[in-house]
Each structure stands twice: as structure tokens, then as C-alpha cells.
Amino acid sequence: MMKKEMLDIKNFSCGYASKFNIENISFCIPQGSFAGIIGPNGSGKTTLFRGITNELSPLSGIIKVNGHDIRKLRYKERAQRIAVVSQNFEAVNMNVEDYLLLGRIPYQRRLQFFESKKDIEIVNKYMSLTKVDCLKNKLMTEMSGGEQQLANIARALTQEPDLLLLDEPTSQLDISHQVQVLNLIQRLNQQLGLTVLMNIHDLNLAGEYCDYLIMLDSGKIHTQGTPEKVLTYKNIEEVYDTVVVTETNPISKKPVIFLVSEQVLKQNKSSGN
Amino acid sequence: MNKKYLKWIFIIGLLILALIVVIGVALTTGELQISIFDVWNILQKGQGSIEYTIIHDIRLPRILLGLAVGGALSVSGVILQAIYRNPLVEPYTLGISGGASLGIAIVFVFGLHLSLGALILPFAGFTGALLSMILVYYLAIKQGKIKIQHMLLIGLMISFIASSALMLLMSISSTENLHGIIFWIMGSLDEPNRTLINLNLGVSVFGLVATCFFVQPLNALRLGEEKARHLGINTETAIRTLFLIASLLAGVSVAVAGVIGFVGLIIPHLMRLWVGSDYRILILSSYISGSIFIILSDAVARTIILPNELPIGVITGIIGGSIFVVVLSRSSKKII
């Protein structure tokens, strides 16, 4: 049976001050996918994300989430369908539980002063799922970067979205926390059937975790498909203008990328290899 | 019931109790000391007596105005600090006081209060405050969207321009007018017009209730504008409306009571340190504390150098500022 399309983008162009930053983008993400957007700095990854969240108005094209045109959704309806974990995170002076309860705003009435029993249950559910329940009463400002990112993901989950957008979720983390965060997202994706779209710079992490990749180059899609199809040395050299070696991870059988320094390249050339 | 909510109920109860005590103190102290146990009797049966006149016509209106102005300025400060996410913002840093003072100075210099009556003063103050806020608001709109940091800078600049224009007017005005301007700028709760006091009270309570409708946006804005939108908040509409409410609250207060500085800065900060930054408790607790602070400051200003009276702005500045510095330097909490 064909899976439902959770994110459907057709001929989408948008940018800042009537200048095209991304042009004519079209792709579909089926329900339950773990997709990644890759591309060099300035290739339009964040602009595309801001288009999907309707932060930037489209200059052309249409974006549908679970069949709904995002421009026609009210603010709260949109927040019930799309949750975002942003790249820049400034810790606020509130404890983890209160922070997660903010994720319930899309479901609350305008003058609802107190959280409902359901809100508390959902917050508790995602706190334990993301393993931040032990930090429940800790202030966000007193937590490490890794813990904060887990709380950010938990807060996005309390929105119970159809689509989870992650903008560089591992950019400020060490490898242990990078793996911890991505393992969590993978688990959520598989256990809850959550559709995930992630902007990521690290090609190895993208190849290891995502089942579908969209490679952007100067605001356009260069290649899209499975990691094996997208992460070839040819594509990477074309888009990133960098010489790399691609191999297969012997355990996961996913593509891995090795960088080669300029000096080694020169030595290699002069020795005739 | 949730422990957090019980704590909030306790805080509000405590503040209401403190407000009642402060009102009692303000009603009974002054040049003529009146026992708290006699107040009710005097108000019921003592019509025509000196005590009745003092309580009913002098102290009670000042208390009511203090309640309205203190609450309004505090809530206005809470709103503006939330919108700008900047702890240094208060109604007066954004040009409200500059605009209002300029309006008042124009009335004095051109002698409009002599030809049009004293009611022109609060009207001119309010118009000045409103005009400067409208100017700040529209100059900060770029490509149809409000630029918050822009707004802050423009507010500061308008404030500077207004105070320079005020100095110009003061330097060319007569000694008599100069005295009038300075007296008004220093702020006072001495307002003989009951209608203005009632109007102020009405606007102040309306502003408080209206702000309560925006608790969700205010809480979401703690994460920043874009993240608040991701949580389903129409930030553009929320910020516009909140800015209007804050301008109305501050503008009406300045128009009637003159410039009473620091309240909008100190009270929200002290409350943040005590009750936290959740706007569900912060708005109401700031309103009540602001009222307590102003009523108490006014009582001190009336009695400290009897039989003379100090401008209330002197008390709020010196006492409020000192308490604030001490509390802030001892606290390790982050306040925004």
C-alpha cells in the first residue's frame, strides 16, 4: 500500500525581499519518513525550512502538510501539524516541565489559565520518552547543551505534530550527544511513526540516520533519493567543491565520507597515485 | 491541586492583604493622625467634619489614583519588557514621558491652561504620550512587519528629542510657567478632579483584564518571536495589541499623575525575582505590588517633611531604586 504523503512541496520558490533564495523546489516526504536536507552554507536549507513554517511567504508554489495548504491554516492549527526544533536556542529561565507545557499552547483556549489533565499527561509521556523526566524541576538555564536539546525535542513532541522539523539539531553538541539526540529521533520516528525532516550539515550523520536525502545547491535541488544515491563522491564534489572519498560503513552498510587535506592531495598527485 | 497554583494563590492572597494594610496606613497617617477604628464611623456619620473631608476628599482619592497609576505603570512595564525581551525597557524609556512632558510644557508656555481650563493639562499629557508612541510604532514598521529592536532604538531617540525640545521650551518660558512645568514633571497624586481619577481607575482595570487575554502570547514570547509563532501565536497581532494596551496604561497615568519614574522598571523585576516569569502570576502580582508601592510612596511623600510634601517621584526614585539595587545585587537569579 502506498504511504500517505505527509509533506508535499510543489514548485516552491521563496526568499528575502523579493529575491529568490530557493527556486522551484518540489519533493514529497511520505508519512513515517526520516528525511534530511543537506547542502553547503547558503544553499537555502534554512530558507526552505522558514518557507515550510510559513515564516517566509512563497513567491510561487504550494506546500501541503498532511493534505492541508499551510498558508490556509490558522496559527494554532499550523502548530498542531508542524513542530520545530530551531537551530539557535537561548535557554530561558523556566523549569523543564513549564517549558514542555508551552508545547500545549496550540491546543489551549485563549483564556485557558490552567493546563488540563490531558496536557499534563502528554507532557509526562514525552518527558519519559525523551528521558528528561529526571530533570523535570531543573531550570533550562542550568542544563547542559545536550540536555537542553533533548528538552527542545520533548517540547516539540508535546505539540503532537504530523511533521517534526529539526534545524541542525546536533550542530552544538559533542559526538556522544549528537548520537544520543539522533538515536532518540530515530526511535521516535520508528516507534511513533513520526515524520521527520532535518536540516543537517554533517553528511556522515545524514547518511547514517536518514532514509531519504535532499541535496540543495544554490537554492535548487541537485539530487534527491536514498543516502546511497545522493552521497556519492561526484555529487559531493560538485555541490561542495571539495574532494572526498566515499566508502560504505561495514556495520550499517550506509555511505561514509572521508575528507582529504590539500597537502595529502598534492603529495598524492606528485607521487603519481 | 498543583503545588504551583497553591503557591500563586498564597502570593496573591498575601499581596491583597499587604494592599489592605497599606491603604489603612495611607488613610490614617498624615498631618492629622486618625485612628483606623474611627475611619468607618467618620465616613458613615461624620459628614461635614474635618476628618471626613480629609479622608473622603483628600486621602481616599489619592489612594484610588495611586492604586490605578501604580498598577497601570507596572503592567505597562511587564508588557514592554516582554515584547522587547529587554530588562531595561519601561514605559518612560520609550518616549512616553518625553511626549507627555512636551505636551504639558506646550500648554504652559502658550498659557492654554489659563484660557481652556486645567483639564487641558491631562489631555495634553495624554496626547503627547500617545503621539510619541504612535510615532515609535509606525517608524518601526519595515515591509509591513514591526522590527522590535528598531522600535527600541526609535523609542529612545524620540525620548531624547522630546526631552531636548522640553529643555528648549523651559529655557524660553517665564519663571511662573517654569514652576508649573517642573511641578508637573515631578509627578503627584494630588488630583482634585474625581472624573479623572475614575477614568484612570477604569482604564487601569480595563488594561489589566485586557492583558490577561494575552497570557499565552506573553509566555510564548519568552522564547522569542519566531519560536512563539511555531507555538501557534499570531505574534504580529499580539504585539500590536499589547503595545497599544501598554501605551494606553502609561499614557493615561502620566496624563493625570505626571511622571512617576521607576515603577514600571522596578516592580516587574522584583516580582520576577519573587514569583518567576510566568505571566499568569506576574501580571496580577505586578499590578497589586505597583499599587502598594505607589500608595506607600505617596504616604511617605506626604508625611516625611510635614507640613510640606515631597514630590512622589523623589520617593519612588530614591527608595524604590535603592531597594531594587540591593535586591538585584543579592540575587543570583536570571530575571528575563
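The values are calculated or read from the model by the stated rules, or taken from the named source; none is laboratory data. Not measured: the values here are computed from a predicted model. Here Cβ is always computed from backbone atoms with ideal geometry, including for glycine, and neighbour counts include all displayed protein chains. Ligands, DNA and RNA are stripped out before the accessible areas are found, and what is left, the full protein with its side chains, is counted by its heavy atoms. Shrake-Rupley method; radii C 1.70, N 1.55, O 1.52, S 1.80 Å.
General remarks:
- Verdict on B:LEU201 being more than 14 Å from every other protein chain (Cβ to nearest Cβ), closer than 30 Å to B:LEU310 by Cβ and open to solvent by 20 Å² or more (accessible area, probe 1.4 Å): yes
- Filter result for A:LEU213 (closer than 15 Å to A:ILE153 by Cα and under 14 Å from the mean Cα position of the chain (by Cα)): no
- Any hit, the range A:25-46, residues being of a type outside the set (S, T, N, Q), touching a residue at least 40 places away in the same chain (Cβ under 8 Å) and farther than 20 Å from A:LEU166 by Cα: no
- Restricting attention to the range A:252-268 and to residues that are open to solvent by 60 Å² or more (accessible area, probe 1.4 Å) and of a type in the set (Lys, Arg), the residue that is modelled with the lowest pLDDT turns out to be A:LYS266.
- Filter pass, A:LEU73 being more than 20 Å from the chain's Cα centre (by Cα), within 14 Å of chain B (Cβ to nearest Cβ) and of a type outside the set (D, E, K, R): yes
- Residues that are in contact with a helix residue (DSSP H, G or I) (Cβ under 8 Å, 6 or more places away or on another chain) number at least 3 in the following strands (runs of 3 or more DSSP E) confined to the range A:11-70: A:34-38, A:58-65.
- Selection from the range B:132-153 of residues that are in a helix (DSSP H, G or I), closer than 19 Å to B:LEU248 by Cβ and open to solvent by less than 100 Å² (accessible area, probe 1.4 Å): B:SER132, B:MET133, B:ILE134, B:LEU135, B:VAL136, B:TYR137, B:MET151
- The range B:112-125: number of residues that are buried (at least 22 other Cβ atoms within 10 Å of the Cβ) and among the hydrophobic types (A, V, I, L, M, F, W, C): 2
- Residue within the range B:261-272 that is at pLDDT 90 or above, open to solvent by less than 30 Å² (accessible area, probe 1.4 Å), within 14 Å of chain A (Cβ to nearest Cβ) and within 17 Å of A:ILE105 (Cα to Cα) present: no
- Note on the range A:129-145: residues that are over 14 Å from A:TYR99 (Cα atoms) and part of a helix (DSSP H, G or I) amount to 3.
- The condition (being more than 15 Å from B:SER74 (Cα to Cα), crowded, with 23+ Cβ neighbours inside 10 Å and among the β-branched types (Val, Ile, Thr)) is satisfied by just one residue among B:ILE319, B:ILE312: B:ILE312.
- Filtering the range A:78-88 to residues that are open to solvent by 20 Å² or more (accessible area, probe 1.4 Å), in contact (Cβ under 8 Å) with a residue 12 or more places away in the chain and either at the interface with chain B (Cβ under 9 Å from one of its Cβ atoms) or at positive phi (or both) leaves A:ARG78, A:GLN80, A:SER86.
- Reported count of residues in the range A:179-194, each being open to solvent by less than 30 Å² (accessible area, probe 1.4 Å), within 18 Å of A:GLN148 (Cβ to Cβ) and either over 12 Å from the mean Cα position of the chain (by Cα) or not β-branched (Val, Ile, Thr) (or both), is 3.
- Taking (1) within 14 Å of chain A (Cβ to nearest Cβ); (2) free of Cβ contacts under 8 Å to residues at least 24 places away in the same chain in turn, B:ILE42 satisfies each apart from (1).
- Test for B:LEU284: is it touching a Phe, Trp or Tyr at 6+ places or on another chain (Cβ under 8 Å) and either modelled with pLDDT of 95 or more or within 23 Å of B:VAL21 (Cα to Cα) (or both): no
- In summary, helices (runs of 4 or more DSSP H) completely within the range B:1-108 and bearing 2 or more residues that are closer than 30 Å to B:ALA220 by Cβ occur at B:3-28, B:60-84.
- Scanning the range A:146-178 for residues that are open to solvent by 20 Å² or more (accessible area, probe 1.4 Å) and within 15 Å of A:VAL196 (Cα to Cα) gives A:GLU160, A:ASP162.
- Test: residue in the range A:100-117 that is more than 9 Å from chain B (Cβ to nearest Cβ), assigned to a helix (DSSP H, G or I) and without any contact (Cβ under 8 Å) to a residue 24 or more places away in the chain: yes
- With respect to the conditions (1) within 10 Å of another protein chain (Cβ to nearest Cβ); (2) under 23 Å from A:ARG78 (Cα atoms), B:LEU218 falls short on a single one, namely (1).
- B:LEU156 being open to solvent by 50 Å² or more (accessible area, probe 1.4 Å) and over 18 Å from the mean Cα position of the chain (by Cα): yes
- Elements of type helices (runs of 4 or more DSSP H) in the range B:160-236, at least 1 residues being in contact (Cβ under 8 Å) with a residue 12 or more places away in the chain and under 19 Å from the mean Cα position of the chain (by Cα): B:175-186, B:194-212
- Counting only residues that are part of a helix (DSSP H, G or I) and under 9 Å from the mean Cα position of the chain (by Cα), the range B:258-281 holds 2 of them.
- Residue in the range A:31-38 that is modelled with pLDDT of 90 or more, surrounded by fewer than 16 Cβ atoms within 10 Å (Cβ to Cβ) and on the phi < 0 side of the Ramachandran plot present: yes
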